[in-house]
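**Student:** Below: one structure in structure tokens.
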Amino acid sequence: MAEFIVECESLDEEARENLQNALSGEAVSDMPLVVELLFVSEEEIRSLNARERGVDRVTDVLSFPAMELSPGEAISSEEHGECVEFIGEEGAPSGRMLLGSVVICEKRAAEQAEEYGHSLAREIGYLAVHGVLHCLGYDHEAAEERAAMRREEENVMAKLGLGRGV
């Protein structure tokens, strides 16, 4: 089981710890996995979406995986050495591996929370989980992929105490 480390200046310590704990069990890795979580404006996410995906519009969440994975694939620092973080003057391994970055548009999240009739905390939690699962190789293009991703999303959201209706 992999330990997750969520780096996010916008979330308080309790929220970060809850997300980290809820994600545990979603991957197997020989090092803790670092996820960078960023909150941006509509302009910033639109620009990122246009530059990275060729889609010039505002979206709710974008994921930038640091490595190419398949759902359920064990993550080895030997195989993904380019993602191992290094620290200090000697460049010693930090004992952590970058899984990727998840970028959330706060305004879009607030609009969707209102539209779907649930809390902003649930919407942001869902978008963060959705983004992390993309970094773990999950996708939702095909019906079978979508069903597998949805199961994992619901599992993590239940651990967060943010199931449907919250």
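**Student:** Output yes when any residue across region 140-157 is in contact (Cβ under 8 Å) with a residue 12 or more places away in the chain and in contact with a Ser or Thr (Cβ under 7 Å, 6 or more places away or on another chain), and no when none is.
**Tutor:** There is no residue in region 140-157 that is in contact (Cβ under 8 Å) with a residue 12 or more places away in the chain and in contact with a Ser or Thr (Cβ under 7 Å, 6 or more places away or on another chain).
**Student:** Residues that are touching a Lys or Arg at 6+ places or on another chain (Cβ under 7 Å) and in a loop (DSSP other than H, G, I, E, B): does region 67-88 have at least one?
**Tutor:** no
**Student:** Still on this structure: So in region 118-166, with the set limited to residues that are β-branched (Val, Ile, Thr) and over 16 Å from ALA27 (Cα atoms), which one is modelled with the lowest pLDDT?
**Tutor:** VAL166
**Student:** Additional query: Go through (1) under 25 Å from ARG16 (Cα atoms); (2) within 17 Å of the chain's Cα centre (by Cα) and name the single condition GLU42 misses.
**Tutor:** It is condition (2) that GLU42 fails.
**Student:** Determine which single condition VAL28 fails, assuming it passes every other condition in (1) closer than 28 Å to GLY72 by Cα; (2) among the β-branched types (Val, Ile, Thr); (3) touching a residue at least 60 places away in the same chain (Cβ under 8 Å).
**Tutor:** (3)
**Student:** A further question follows. Mind checking whether some residue in region 49-57 is at pLDDT 95 or above, in a helix (DSSP H, G or I) and under 21 Å from GLY125 (Cα atoms)?
**Tutor:** yes
**Student:** Scan region 98-155 residue by residue and report those that are touching a strand residue (DSSP E or B) at 6+ places or on another chain (Cβ under 8 Å), farther than 22 Å from ASN21 by Cβ and either surrounded by fewer than 15 Cβ atoms within 10 Å (Cβ to Cβ) or not charged (D, E, K, R) (or both).
**Tutor:** Residues satisfying the conditions are VAL103, CYS105.
**Student:** If the Cβ limit is 8 Å and pairs must be 6+ apart or interchain, which residue in region 51-62 that is within 15 Å of VAL40 (Cα to Cα) and in contact (Cβ under 8 Å) with a residue 24 or more places away in the chain pairs with which residue that is outside any strand (DSSP E or B) and of a type in the set (S, T, N, Q)?
**Tutor:** Close Cβ pairs satisfying both conditions: VAL58/ASN49; THR59/ASN49; ASP60/GLN112; LEU62/ASN49.
The values are calculated or read from the model by the stated rules, or taken from the named source; none is laboratory data. Bear in mind that the values here come from a model prediction, so they are computed numbers and not experimental data. Cβ coordinates were reconstructed from backbone atoms using ideal geometry, including for glycine residues, and neighbour counts include every protein chain displayed.
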